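Just below is one structure, and these are the notes that go with it.
The values are calculated or read from the model by the stated rules, or taken from the named source; none is laboratory data. The structure presented is a predicted model; accordingly, all values stated were derived computationally and were not measured. Counting neighbours? That spans all protein chains shown, and the Cβs are built from the backbone with ideal geometry, glycine included. The protein model used for the area step is the full one, side chains on, heavy atoms only, and it has no ligands, DNA or RNA in it. Shrake-Rupley method; radii C 1.70, N 1.55, O 1.52, S 1.80 Å.
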Amino acid sequence: MSVPPGSDPVRFAYWVPNVSGGLVTSTIEQRTDWGYDYNRELAVLAENSGFDYALSQVRYMAGYGAEFQHESTSFSLALLLATQRLKVIAAVHPGLWHPAVLAKLGATADHLSGGRFAVNVVSGWFKGEFTALGEPWLEHDERYRRSEEFIRALRQIWTEDHTELAGDFYRLRDFTLKPKPVAVPGRPHPEIFQGGNSTAARAMAGRVSDWYFSNGKDFDGVTEQLGDIRASAARAGRTPPKFGLNGFLIARDTEAEARDTLREIVAKADTPAVHGFRDAVRQAGPSTADGKGMWQDSSFEDLVQYNDGFRTGLIGTPEQIAERIVAYKRLGVDLFLLGFLHYLEEVEYFGKRVLPLVRELEAQQPQSEPVPAHS
């Protein structure tokens, strides 16, 4: 389906289940597997079902229902080599990576995939991983200062012949990267994503990132974040980053079926794991300079999907979900990062039943239609 001239279609990404336990911390059946064979099949299905991106998660040690984890950059490269069009985003932690080492890996992956590699810079919430690896755990806003320096270094390495950097966290002296990433029209370097909900995260996104990933939010939450990010970008004299929104999608033939599935997920929550995760991330908001941050106001139900995916409200019939997606698009959401209960079946269902309705609604959408004010 076509969309109105001058309006880019909303794009879709999915969380790669390269970490065991699925995308909800619940004992409900999840027909999803963290192994490579399953994920290779899923990646091919996803790109043939209309997905543009896949995001490989990064965890280095077990905890909160995730007993096993595949490393994100190597797994991303494997998925890139198994697909033709899908862009794969590898999540990485500054503090555990040096930007020049990642830049080298990224340039190689970009060449091997024909320009489809991307990176998600994660400032970090899991203190236990850093301390287990003997790495210092910085205070919240310092972690974002480090991430910003990391992104600036990464961009400079990928685009300039010689990199000089005397930062607070990284040092580079006459460093040269060859080959550079693939020259892709409209893309000066592999796309740089970042996450985070705090004031520091929003300000950093406006200054340096190509994409901002938000935890699940209702319409008001998205509007607030977009306003902050755009203001930060304006102060920095740059185009605002594109906006990606997390959502756990439950599409069923009837709304009752979808709501029943959500209720069962929450009723069968792995309570000790959810409480453990809550305790680990409890410092995320209070540790910021202004007391705002990820999971600051998340309920128990929200934390069953650990990036607040239920809050986005993509639960119901294909028609209901398509209408909500387009309403978010009118606010300024450029991409949805989706999780599912049973990946193979539900990714295929999304491609056949939901995505065509989204494209039809986009094509019908007047450019001047007012955006919704409330969730």
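Some values worked out for this structure:
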| quantity | calculated |
| --- | --- |
| Matching entry among Tyr64, Tyr36 (being open to solvent by 20 Å² or more (accessible area, probe 1.4 Å) and modelled with pLDDT under 90) | Tyr64 |
| All positions within region 232-241 that are closer than 13 Å to Met204 by Cβ and of a type in the set (A, V, I, L, M, F, W, C) | Ala233, Ala236 |
| Check on Val58, open to solvent by 70 Å² or more (accessible area, probe 1.4 Å), under 30 Å from Arg146 (Cα atoms) and not in a strand (DSSP E or B) | no |
| Qualifying residue in region 311-332 (condition: open to solvent by less than 60 Å² (accessible area, probe 1.4 Å), part of a loop (DSSP other than H, G, I, E, B) and at pLDDT below 95) | no |
| Contacts under 8 angstrom Cβ, first residue in region 165-186 being more than 22 Å from Asp210 (Cα to Cα) and touching a residue at least 12 places away in the same chain (Cβ under 8 Å), partner among the hydroxyl-bearing types (Ser, Thr, Tyr) and open to solvent by less than 40 Å² (accessible area, probe 1.4 Å), 6 or more apart | Leu172/Thr163; Asp174/Thr163; Phe175/Thr163; Thr176/Thr163 |
| Filtered residues of region 67-95 (kept if open to solvent by 50 Å² or more (accessible area, probe 1.4 Å) and at pLDDT below 95) | Glu67, Phe68 |
| Pair list, Cβ under 7 Å, 6 or more apart: region 228-249 residue touching a residue at least 24 places away in the same chain (Cβ under 8 Å), other residue among the hydroxyl-bearing types (Ser, Thr, Tyr) and open to solvent by 10 Å² or more (accessible area, probe 1.4 Å) | Ala233/Thr239 |
| Sole residue being in contact with a Gly (Cβ under 9 Å, 6 or more places away or on another chain) and aliphatic (A, V, I, L, M), chosen from Ala90, Ala78, Ala82, Ala107 | Ala90 |
| Candidate set from region 162-210 (those that are assigned to a strand (DSSP E or B) and in contact with a helix residue (DSSP H, G or I) (Cβ under 8 Å, 6 or more places away or on another chain)); member that is nearest to Phe310 (Cα to Cα) | Gln194 |
| Single residue of Val304, Val208 found to be open to solvent by less than 60 Å² (accessible area, probe 1.4 Å), hydrophobic (A, V, I, L, M, F, W, C) and modelled with pLDDT under 95 | Val304 |
| Test for Ala132: is it small (Gly, Ala, Ser) and either touching a strand residue (DSSP E or B) at 6+ places or on another chain (Cβ under 9 Å) or more than 26 Å from Asn307 (Cβ to Cβ) (or both) | no |
| Counted residues, region 156-169 - those being under 17 Å from Leu102 (Cα atoms) and open to solvent by 20 Å² or more (accessible area, probe 1.4 Å) | 8 |
| Extreme residue, farthest from the chain's Cα centre (by Cα), among residues of region 117-144 that are part of a helix (DSSP H, G or I) and among the hydrophobic types (A, V, I, L, M, F, W, C) | Ala132 |
| Flag if Asp297 is open to solvent by 60 Å² or more (accessible area, probe 1.4 Å), part of a helix (DSSP H, G or I), closer than 25 Å to Ala66 by Cβ and at pLDDT below 95 | no |
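Residues are listed down the side, and each one gets a yes or a no for (1) surrounded by fewer than 20 Cβ atoms within 10 Å (Cβ to Cβ); (2) at pLDDT below 95; (3) under 18 Å from Val24 (Cα atoms); (4) aromatic (Phe, Trp, Tyr):
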| residue | (1), (2), (3), (4) |
| --- | --- |
| Asp270 | yes, yes, yes, no |
| Arg278 | yes, yes, yes, no |
| Val358 | no, no, no, no |
| Leu361 | yes, no, no, no |
| Pro370 | yes, yes, no, no |
